[in-house]
Amino acid sequence: MHLGKVVPILRIFDEAKALEFYVDFLGFKVDWQHRFEANFPLYLQVSFGECVLHLSEHHGDCSPGAAVRIQAQGLEAYQQQLLAKDYRYAKPGIEETPWETREMSISDPSGNRLVFVEG
């Protein structure tokens, strides 16, 4: 038995706000986008390093409000980059946890929570 990497699907409601958050703010890049036709829901893949996420406007793909834990290195430098962007909707902090990790939690415009974990 061998299992490969996991690619979470996160529900989004507003394409422009999702791209502003994931691309402009967090620094992910859009790998590809798909619509069955014009004026249909968007499905796309974004990535940052080895982290790959699928974002979907399709109602049946997933529920909003998911949480994803993402392994990270250089968390403090990344946090400083994000704070320097002065994004109106998130000013992330880093938490030292009792289980000896450093974590930075940020919610996207659709209510999904990304937890960047170091340690």
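The values are calculated or read from the model by the stated rules, or taken from the named source; none is laboratory data. Since the model is a prediction, treat every value here as computed from it, not as a measurement. Note that we place each Cβ from the backbone using ideal geometry, even for glycine, and neighbour counts take in every protein chain shown.
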### Subset of segment 1-19 (residues that are out of contact with any Asp or Glu (no Cβ under 9 Å at 6 or more places or on another chain) and part of a helix (DSSP H, G or I))
16, 19
## Note on the structure
Every listed condition ((1) outside any loop (DSSP other than H, G, I, E, B); (2) touching a Lys or Arg at 6+ places or on another chain (Cβ under 7 Å); (3) touching a residue at least 12 places away in the same chain (Cβ under 8 Å)) holds for residue 83 save (3)
### Task
Name every residue in segment 86-119 that is without any contact (Cβ under 8 Å) to a residue 24 or more places away in the chain, surrounded by 13 or more Cβ atoms within 10 Å (Cβ to Cβ) and closer than 21 Å to residue 17 by Cα, in order of residue number.
92, 105, 107
#### Entry: Boolean, residue 57 is surrounded by 15 or more Cβ atoms within 10 Å (Cβ to Cβ) and over 21 Å from residue 115 (Cβ atoms)
yes
### Conditions (1) out of contact with any Asp or Glu (no Cβ under 8 Å at 6 or more places or on another chain); (2) closer than 14 Å to residue 9 by Cα: number failed by residue 44
(1)
### Query
Going through segment 20-34 one residue at a time, which ones are exposed (fewer than 14 other Cβ atoms within 10 Å of the Cβ) and either at pLDDT below 95 or in a helix (DSSP H, G or I) (or both)?
24
